[in-house]
Amino acid sequence: MQPPRADDSCVPGDGAAPMQFYEITHDTTYRYASPVLLSQQIAHLSPRAMPRQRLCGHRLTIAPQPSTRSERLDFFGNPTTRFGLYMPHELLCVQAVSHVGVHARDWPEAARSLPWEAARDHLRDALSGHAPLQADARDAGQYRFASPFVALGAETAIYAAYAARCFRPWRPLLEAVQALSALIHAEFRFDPAATSVATPVAEVFAERHGVCQDFSHMMIACLRALGLAARYVSGYLLTEPPPGQPRLVGADASHAWVAVWCPGMGWVEFDPTNDVQPGLGHITLAWGRDYGDVCPLRGVILGGASHAVDVAVTVMPVEEGRCGDLHAPR
């Protein structure tokens, strides 16, 4: 399959629509019990630039200074930084600072979307050669099947039956997806201590708790079980402190949500953790089939034994005049 276009999701109708600007700081620190002799890493820490989101500046600082470093787009069009450290080290510090402007989004009216069965059949027929294969359907096709973090085996029928509570016959696709988002939000409990990045979707479904990554994987599994195309979106969410309290540095976190492909309307996003459609407070980093495609930082090391990792994220609204160029040190 060919790489997708830079951005094919729904965009604001008015290019002059107001923007909200942010400074985002994402700090990751690895502490190793013994020296790491070699490390190869891939970072997805630069927000995507697209019509509804302006990347004003980005700086990625790595210590120790990498032996090698390169920037490129991955298969899904996400900006990545690949770097290698070929000297002994017991500490790895990665700091990403990004200045981003986000447009308000004008999502399609759910009731005007085509029936969900028609969306399923449109994609199936295009991929099977029974209908012309257009670029958008070709791209969507890769998000229809199982992926490493969204297994579809014996559980597929169970996920489809769960989703069927929302996907009654000939219901408009986006209405059904909204209902599924609300169902997951209502029946699954947010619990940061309940799961890890390796927790299977089947366990999340059985235990009914997890975090945004788990809720997104759960929703994607349900949609794909019905033959629909759904992708995983990683990013950040602006959070508000309690009334009268200051905004705390490092108190935010990375976030995840879901996009479903609707023929004629493109990719439409839903946040099942909060049961909303992403707006001005959602900043997109990357998208892929699941978390494994867009993990903020992943790689391999030689040595190190055990390790501890600390992550701190700050999403700070700023004035447009403070949203300027950032230059990454080489």
Legend entry - Selection count where residues are touching a residue at least 40 places away in the same chain (Cβ under 8 Å), among the β-branched types (Val, Ile, Thr) and assigned to a loop (DSSP other than H, G, I, E, B), scope segment 176-200: 1
Legend entry - Verdict on GLU203 being farther than 24 Å from THR284 by Cα, of a type in the set (Asp, Glu) and without any contact (Cβ under 8 Å) to a residue 40 or more places away in the chain: yes
Legend entry - Criterion: at pLDDT 85 or above and assigned to a helix (DSSP H, G or I) - qualifying residue of ALA221, ALA259: ALA221
Legend entry - Test result for LEU173, within 16 Å of LEU226 (Cβ to Cβ) and without any contact (Cβ under 8 Å) to a residue 24 or more places away in the chain: no
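The values are calculated or read from the model by the stated rules, or taken from the named source; none is laboratory data. Because the structure is predicted, anything quoted here is derived from the model rather than measured. So basically every Cβ, Gly included, is an ideal-geometry build from the backbone, and we count neighbours across all protein chains shown.
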